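The values are calculated or read from the model by the stated rules, or taken from the named source; none is laboratory data. Quantities reported herein were computed from a predicted structural model and do not represent experimental measurements. Reconstructed Cβ throughout: ideal geometry from the backbone, glycine too, with neighbour counts over all protein chains shown.
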Amino acid sequence: MKQLSIVYFSGTGHTAKMAEAVQRGAQLVPNVVAELRPILGTDIKEGRFSNAALLDQLTQSDGIILGTPTYLGGPAAQFKAFVDATGSHWYRREWAGKIAAGFTHSGSPSGDKLSTLQYLSLFAAQHGMIWVGNEPLPSAGAEGDEVNRAGAFLGAMGYGRDPAEVDPGDLRTAELLGQRVASVAVAFVRQPEIAAA
């Protein structure tokens, strides 16, 4: 059984809805358990992330899917605090060889979300994780149900200002990302760490 963790921060609820969609997609794949691992405001103490149990859960996972809203062209401060707290895991290479992917949401079609996905993929690369991108071509589905309507391949993107809803096409894109990551995780055999020369 492969264990995936979806770690995310959500400020207004949009990113949480995308995380739930990623989880739904991942759980369509047999032999996969996908757990939501939200970063909460209470996890931040004096500006620093403090939730050792969450970090331990990620260490036990076969894959980590990262999610954050895009604020002013980058990840939310709460998510960045989480990233900064992973330094000891980075140093010990505990997450090397894990599958990774990412998603983000912002209010506008651009919102400079690409820089957030680049940040997430670089974070995964720093840890030695294997990044899985978004696969579907942008498609003109039913009104309001276009898959990958942002045309993003590094990860899943969503956008919209409705305070209560996330675009159905963006949710479907997130589901497909979750399903793809789960399929890769099932097929992937983690290699032992390569010793430095």
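Entry remark, segment 32-75: residues being modelled with pLDDT of 95 or more, more than 30 Å from R161 (Cα to Cα) and of a type in the set (S, T, Y) number 2 in total.
Scanning segment 26-55 for residues that are in contact with a strand residue (DSSP E or B) (Cβ under 9 Å, 6 or more places away or on another chain), within 12 Å of Q78 (Cβ to Cβ) and assigned to a strand (DSSP E or B) returns a single hit, P38.
Selection over segment 1-25 of residues that are in a loop (DSSP other than H, G, I, E, B), under 17 Å from D170 (Cα atoms) and touching a helix residue (DSSP H, G or I) at 6+ places or on another chain (Cβ under 9 Å) gives a count of 1. The residues of segment 98-114 that are touching a strand residue (DSSP E or B) at 6+ places or on another chain (Cβ under 7 Å) and farther than 14 Å from L66 by Cα, listed by number, are S106, G107, S108, P109, G111, D112.
Being of a type in the set (S, T, Y) and either touching a Lys or Arg at 6+ places or on another chain (Cβ under 7 Å) or modelled with pLDDT of 95 or more (or both) is the filter here; which residues of segment 5-31 pass it? Listed by number, the residues that qualify are S5, Y8, S10, T15. May I ask you to list pairs of residues, at least six apart or on different chains, whose Cβ atoms are under 8 Å apart, with the first in segment 34-47 being without any contact (Cβ under 8 Å) to a residue 60 or more places away in the chain and within 7 Å of I6 (Cα to Cα) and the second being surrounded by 10 or more Cβ atoms within 10 Å (Cβ to Cβ) and among the charged types (D, E, K, R)? That search, which allows pairs on different chains as well, returns L36/E20.
From the list L72, L58, the one residue that fits, being closer than 22 Å to S115 by Cα and out of contact with any Cys (no Cβ under 7 Å at 6 or more places or on another chain), is L72. A Cβ distance below 8 Å, combined with a sequence gap of six or more or placement on separate chains, defines the contacts here; from segment 182-197, residues that are surrounded by 13 or more Cβ atoms within 10 Å (Cβ to Cβ) reach residues that are at pLDDT 60 or above and part of a helix (DSSP H, G or I) in the pairs A182/G25; A182/A26.
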